[in-house]
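Encoded as structure tokens, the structure appears first; notes follow it.
The values are calculated or read from the model by the stated rules, or taken from the named source; none is laboratory data. All values derive from a computational prediction rather than experimental measurement. All Cβ positions, glycine included, derive from the backbone under ideal geometry; neighbour counts span all protein chains shown.
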Amino acid sequence: MRPGGGYPSELSCTARVPAVGRIDDAYRVVSTDLDLLPPNALWVVWQPDMATFRQDPRFAGLVTELGLLDYWRENGWPDACQPAGDSFVCE
């Protein structure tokens, strides 16, 4: 959170960036502000218009950095992602 409350407006707009074909911008924002994400902020990546974000090769790095890959392997995969060898694929 920024002083005075609220999350960075750029971060809150990230959900719409992939929908207009600006995947690089979405990953730049997420990787820059990863520490600022509240725990429940990742629901955005599961929205239908974020499919291109999930299908990008950088998504695997993000998932791994957040510890989700290990979590999924232990507890089950989300509906949009499935294991593929040592990695995974998402719709």
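Looking only at residues in region 34-70 that are over 11 Å from the mean Cα position of the chain (by Cα), acidic (Asp, Glu) and within 22 Å of Arg22 (Cα to Cα), which one is modelled with the lowest pLDDT?
The extreme case among them is Asp35.
Out of region 60-91, which residues are in contact with a strand residue (DSSP E or B) (Cβ under 8 Å, 6 or more places away or on another chain) and among the β-branched types (Val, Ile, Thr)?
Val63, Val89
Would you call Arg73 modelled with pLDDT of 85 or more and of a type in the set (D, E, K, R)?
Spelling it out, Arg73 is indeed modelled with pLDDT of 85 or more and of a type in the set (D, E, K, R).
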